[in-house]
1. Quick check of the Kirkwood formula: for the chain, what is the inverse mean of 1/r over all pairs of different Cα atoms, in Å?
2. Multiplying the sequence separation of Ile87 and Glu37 by 0.36 nm and subtracting their Cα-Cα distance, what value in nm do you get?
3. Given R₀ = 22 Å, FRET efficiency for Asp56-Lys17 by Cβ-Cβ distance, to 0.05?
4. Have a look at the DSSP beta bridges in the chain and tell me what percent are antiparallel, nearest 5.
5. With each run of n ≥ 4 DSSP H residues scored as -39500 (n - 2.57), what mean residue ellipticity at 222 nm is computed for the chain after dividing by its residue count and rounding to the nearest 500 deg cm²/dmol?
6. Order of Ser74, Ser20 from fewest to most other C-beta atoms within 10 Å?
7. Using +1 at the Cβ of each Lys and Arg and -1 at the Cβ of each Asp and Glu in the chain, identify which of Gln33, Tyr103, Leu21 lies farthest towards the dipole's positive end.
8. Near Val97, within a Cβ-to-Cβ distance under 14 Å, what is the net charge of the other residues, with Lys and Arg +1 and Asp and Glu -1?
Amino acid sequence: MKNETTGLQDQTIKGSKLFSLGQVVITTTASDQLPPEDIDTALRRHQAGDWGVVVDEDCKANDDALNHNDRILSSYLSTGGVKFWIITEWDRSVTTVLLPEEY
């Protein structure tokens, strides 16, 4: 498992955009619990191929999804310690920010 010990604002963001996010949507619960800056940073990381806190198997699946048009799932911790996911659909039409319990 990748280890993320600090908040989002301390993470290095890769420069390239590997895929389109499509329409970005967020659940009401996630919007209420996550600072907008954390969401913006995580979306940039997600799009750049920094999958956050995921097991190696999910990391590989995301890397494969870039070439095979599959769903991409990243997991991050907000600066306040709230775990959240970002999911981009296989066709890159929609990216959703949500809390794991909302899935």
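Read-outs throughout are calculated quantities, based only on the coordinates presented, and are distinct from any laboratory measurement. Predicted model, so just to flag it, every value in this text is computed and none were measured. Here the Cβ positions follow ideal geometry from the backbone for every residue, glycine too, while neighbour counts run over all protein chains shown.
1. Computed over Cα pairs of the chain, the Kirkwood hydrodynamic radius comes out at 13.5 Å.
2. Gain on stretching Ile87 to Glu37: 16.2 nm.
3. Computed FRET efficiency for Asp56 and Lys17 comes out at 0.40.
4. The answer is about 65 percent antiparallel.
5. Rounded to the nearest 500, the figure is -9500 deg cm²/dmol.
6. Ranking Ser74, Ser20 by Cβ neighbours within 10 Å, fewest first, gives Ser20, Ser74.
7. Leu21
8. Counting the neighbours of Val97, the net charge comes to -4.
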